[in-house]
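Notes follow the structure.
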């Protein structure tokens, strides 16, 4: 199976979620199922069915996280050579050449991407156009409606 790039922060976040699911969520669900079983007939027991549904969701999420972590290639930006080029886990400041709007993005793995936090997936068109470029380079982001040009103002390794 292919290795999935992930930042150290992204891996830590998944490990924390996995720990919480196993140590807090799973025991609560098991207790809820036990309590619902004690109430009798399971066919018409809404509490039992809701708890089983929660259990199914939690166990699926646990397996999903374990699979992602087992296939993760964790990249620590602090151990990467600082060449000035945009790479996975670097942060890039861009200036939109049409309206001079300034944006800042960190290039992260697909599961870590959160646009509101300024994190874009390494697989996104914008990240793919940024990778390998350096300060002063002009990139084009092509969308069905238009082409937007950006200048790379800064590449940070943080």
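Here residue 48 meets the list (1) over 30 Å from residue 140 (Cβ atoms); (2) crowded, with 16+ Cβ neighbours inside 10 Å; (3) touching a residue at least 60 places away in the same chain (Cβ under 8 Å) almost entirely, failing just condition (3). Considering the conditions (1) more than 21 Å from residue 120 (Cβ to Cβ); (2) free of Cβ contacts under 8 Å to residues at least 12 places away in the same chain, residue 99 is excluded by exactly one of them, (1). Within region 64-82, the set of residues being without any contact (Cβ under 8 Å) to a residue 40 or more places away in the chain and over 14 Å from residue 19 (Cα atoms) comprises 67, 70, 79, 81.
Can you pull out every residue in region 121-142 that is in a loop (DSSP other than H, G, I, E, B), without any contact (Cβ under 8 Å) to a residue 24 or more places away in the chain and under 19 Å from residue 100 (Cβ atoms)? Passing the criteria: 136, 137.
Looking at residue 90, is it surrounded by 14 or more Cβ atoms within 10 Å (Cβ to Cβ) and either assigned by TED's automatic domain parsing to the domain that holds residue 13 or within 24 Å of the chain's Cα centre (by Cα) (or both)?
Working: surrounded by 14 or more Cβ atoms within 10 Å (Cβ to Cβ): yes; either assigned by TED's automatic domain parsing to the domain that holds residue 13 or within 24 Å of the chain's Cα centre (by Cα) (or both): yes.
Taking the combined requirement at face value, the residue satisfies it.
What about residue 149, is it over 24 Å from residue 79 (Cα atoms), over 17 Å from the mean Cα position of the chain (by Cα) and surrounded by fewer than 17 Cβ atoms within 10 Å (Cβ to Cβ)?
Yes; evaluated as a whole, the condition is true for this residue.
The single residue among 63, 116, 68 that is outside the structural domain of residue 135 (by TED's automatic domain parsing) and exposed (fewer than 12 other Cβ atoms within 10 Å of the Cβ) turns out to be 63.
Each residue in region 1-48 was checked for being at pLDDT below 85 and within 30 Å of residue 76 (Cβ to Cβ), and 2 of them qualify.
The values are calculated or read from the model by the stated rules, or taken from the named source; none is laboratory data. Predicted model only: the values in this text are computed from it and were never measured. In this analysis, Cβ positions are derived from the backbone assuming ideal geometry, glycine residues included, and neighbour counts consider all displayed protein chains.
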